[in-house]
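Worksheet for the structure shown next.
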């Protein structure tokens, strides 16, 4: 095969190609960086509320929950390349969040205020429908807060996260039957607590 | 699916779409109501768990990430900066240690000579036996006559004892200090306005030879270095 003779035109052409090629690479790198940032922002906007709620029900403290969310997303950013399937993003974030929570909890065990002690007001008397509704929600929140983490967590994943039982068993590294049992017991315990509360309220008022 | 399993499943997964479960649910009004109640309860739980999210959280998360990235870049610069700083500190320390220690030694030597200037003019006429008597206490001997020793005594340089001699040179007195306990790496030339000489590493410690400017010290140096034996 005949090779092109090396002429000055050839050299300058090659140089041009070289520099243009370089610029193209630079552009590709920059646009990849920009697209990573864009994807990350989409991940924040789409899931921050779920992640926050999960964090809140994990530690039951709003400011700690916010710190957890921040830390979770920072870690997510650092290992963003490991997120291959964006459909799995929520489970991925929650896995990071749980790990972070465990780490923080090891470092520092917060003196959490028992929800039971906060504003324990006797609502009996003239209650409007709205107030009755919010009282019910309040009682339910209190009861959820009281659930042990092993029951609260699968419930959170199912209700807040919208995960299937299989997905929950993946996230919690438990087998499916254990997850089902815990979910069953979680709702059972909640019902019991609520019934007990109603009973107490009834006798307190009667 | 038996009743117990059905109830357990309804509690665990009220929205279960499993065929057997749905069939059982639709089999009787009672079981339908049971599941409906649990679904309503689930809806309540969802509402209760739906805690308000702090305002502007998403923006704060993105801001934090952007700042964190910036800080990471800066941290990289910091790491390089601190590396450079520590390397230069090590250099500075090594430099000062190597040179200042010798400079100190030079100063000590001259300080001692000036302190005892009168020894330069002594005429004690010590011979090799006197020299060896003193050198012995330091573990050394001289093999040959090193010339007229006009002064012989001990000295204290940098808190280390040594032998101090004054020989007669061609131009004037030549000070010799044998310092068995002071080690130096290389021969170091020393001088000031009046004297010049060198500190030479020996088999044990070092030897200082200082004469008046213009004095040829090479011969004495040769004699001393080759004819002192230290018992180590």
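Just tell me how shielded A:175-187 is by partners: mean number of partner chain Cβ atoms within 10 Å of each residue's Cβ, no decimals. Going residue by residue through A:175-187 and averaging, the value is 3.
Order of A:47, A:135 from fewest to most other C-beta atoms within 10 Å?
A:135, A:47
What angle do you read, to the nearest 10 degrees and between 0 and 90, between the alpha-carbon axis of helix B:128-137 and the longest principal axis of chain B? Long axis of B:128-137 versus the principal axis of chain B: about 20 degrees. Remark: mean inter-chain Cβ contacts per residue of B:37-50 equal 5, using a 10 Å Cβ-Cβ cutoff to other protein chain atoms.
Between 0 and 90 degrees, the angle of helix B:57-115 with respect to the longest Cα principal axis of chain B falls at about 10 degrees. With a Förster radius of 25 Å applied to the beta-carbon distance between residue A:50 and residue B:7, the computed FRET efficiency rounds to 0.25.
Structural size metrics of chain B, computed from C-alpha coordinates, are Rg and Dmax of 45.8, 133 Å. Using alpha-carbon positions, what is the distance between the centroids of region A:40-111 and region B:183-203, in Å? Distance between centres, Cα-based: 70 Å.
With respect to chain B, whose longest principal axis is taken over its alpha-carbon atoms, helix B:218-227 is tilted by about 70°. Take every pair of alpha-carbon atoms less than 8 Å apart whose residues are at least six positions apart; their mean separation over the length of chain B yields a relative contact order of 11 percent.
Inter-chain Cβ neighbour count for B:5-14, averaged per residue, equals 5 (cutoff 10 Å, partner chain atoms only).
Each value in this text was obtained by applying a stated rule to the coordinates, not by laboratory testing. All of these numbers come straight from a predicted model, not from anything done at the bench. Glycine gets a Cβ as well: all are built from the backbone with ideal geometry, and neighbour counts include every protein chain shown.
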